[in-house]
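Comments concern the structure below.
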Amino acid sequence: MFNKAKLLTAGSAVMAVALVSTSANAATANADARATILDQITVTKTSDLDFGTIVVGATGGNATLSAASGAVNCAAALVCSGTTSAAAFSVAGTAGETVDITVDSTVNLLSGTDSMTASLASSDATLVLAGGDSFTVGGTLAVGANQATGDYVGNFDVTVNYQ
Amino acid sequence: MSRLSNSLCTFLAATMLAPLPAQAAGDLLVAPTRVVLDGVRGTEVILNNVGAEPATYRISLELRRMTPDGKLDEVTKEEANALEQAALSMIRYAPRRITLAPNQPQAIRIGVRPPQALPDGEYRAHMLFRAIPKAQPVAPQAGEPQGLSIALTPIYGVTIPIIIRKGALQATAAIANGRVETDENGHAFAFDLSRQGDKSTYGEIRVTKPGLDKPLLVARGIAVYAEVEARTVKLPVPAEVAAQLTGPVKIEYFESHSAGGGLIASAQTALK
């Protein structure tokens, strides 16, 4: 049990493969204990990408959400309100492992037949895992002049890649 | 079967002991993080739902090509070259879609069915594990009829390489041009890693400085895939490490422990 806990804190998954009896019928069977230690990766989402609510006027503009702070910088023509946040993910794995992060560079948001485009960026392109690692995703929403009001939805891909 | 369920139970118990952060639907654990097969014998990859809600995951094979800056670019199945098509057609895996309760692990079985006349070489695809998002409830817009409400949902996942080797393959590597780069994202240690031969190289980078008993930087899991002859390796470093990255340093590239841990390449360099 102690060993298992120790291995886990090193960021590894323990998969006990089996107790393999060398001779099942022998009266005094020898048993080999085998355990395979696997490198693991855990990705958990800790926050959603939230631009808050945007009120649009006759001219459009950009609303830029900082990946670092989660704050929105709003063009003069727009009124931005509400709580905002960058998407945030935590990554746990074997210490010292290198992972690359890819995020869709653009995403199309739809509300019925109306659409908007956002460009996205990750806070980190590469992480060398050291424990308690995380990254965030922010972006810039291009709001058109007289953009129709509505609930705009879109999906974007975030992938943690092992080489 | 008992072997599998036995291992899964142990794995489940082990996973539940691990401290987990706040959980969302679609959170996932994947182990191992790299698969190399050099025969017909297959293997298993464990996928575990570490979220708080049941989630449906899709497992797919994707193609990626390494770029000169070390990124993995997506390649569509239509753009695939002969090597990539061969990799896709010989890798068998199941299941491809699975709904898991929280903390329920599932073994994904991976096998290889190489065609008779398969030429020697290294074949690779990347296995993508990703939760399928649930249908989104439309956010209510009470009180702010003039506004736009925006719901941007991340679909997040993990890719791991599945590598198949046939024949006696060789590769060598060389390190050059060690440097510290600083931009708005902070400091990074960068160098050029070149490769020759008919397979990829993979291993651990260690940067040491004379007089210091511990390496300044250790980064595991650095590959140069066979489709590139050289790549830039750029590793983020904290400011206190960047401050020490001056003067003479030794950059070494070791095989992973499971591959023997031998030295692949090393270089001495003087940093500015």
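Read-outs: derived from the displayed coordinates by stated rules, not from any lab. This one's a predicted model, so the numbers in the text were calculated from it and none came from an experiment. Cβ sites come from the backbone with ideal geometry, for glycine too, and all protein chains shown count toward neighbours.
First measure r as the distance between the Cβ atoms of residue A:71 and residue B:76, then evaluate 1/(1 + (r/R0)^6) with R0 = 45 Å and state the FRET efficiency to the nearest 0.05.
Using R0 = 45 Å, I get an efficiency of 0.75.
Which value in nm describes the separation of the simple spin-label points at residue B:132 and residue A:157, placed 7 Å from the Cα toward the beta carbon?
Distance between label points: 1.6 nm.
Using only the Cα atoms of chain B, what do you get for the radius of gyration and for Dmax, in Å?
Reported Rg and Dmax, both Å: 22.0, 69.
For residue B:234, go through the aspartates and glutamates and keep the ones whose alpha-carbon is under 18 Å away, minus same-chain ones fewer than eight residues off.
Leaving aside aspartates and glutamates fewer than 8 places away in the same chain, those within reach of residue B:234 are A:97, A:100, A:124, A:133, B:69, B:73, B:181, B:183, B:184, B:192, B:204, B:252.
According to a simple spin-label model (label point 7 Å from Cα along Cα-to-Cβ), what is the distance in nm between residue B:183 and residue A:108?
2.9 nm
Could you give the dipole magnitude of chain B about its Cα centre, charging the beta-carbon of Lys and Arg +1 and that of Asp and Glu -1, in debye to the nearest 20? Working shown, then result.
Values: 29 positive and 26 negative charges, 159 e Å.
About 760 debye.
Given B:75, B:241, B:126, which one lies farthest toward the positive end of the charge dipole of chain B, if we put +1 on the Cβ of every Lys and Arg and -1 on the Cβ of every Asp and Glu?
Of the options given, the answer is B:126.
For region B:171-271, just the Cα atoms, rotate onto the principal axes and tell me the three extents in Å, largest first.
Extents along the principal axes: 38, 30, 21 Å.
Taking the beta-carbon count within 10 Å as an exposure proxy, list A:124, A:39 from fewest neighbours to most.
A:124, A:39
Please report B:88, B:100 as a ranked list, fewest other C-beta atoms within 10 angstrom at the top and most at the bottom. Kindly include the intermediate steps, with their values, before the conclusion.
Details: B:88 15, B:100 19.
Arranged by neighbour count, lowest to highest, B:88, B:100 become B:88, B:100.
Sort B:213, B:120 by Cβ crowding within 10 Å, fewest neighbours at the top. Mind dumping the intermediate values first?
Working: B:213 6, B:120 11.
Listing B:213, B:120 from fewest to most nearby Cβ atoms yields B:213, B:120.
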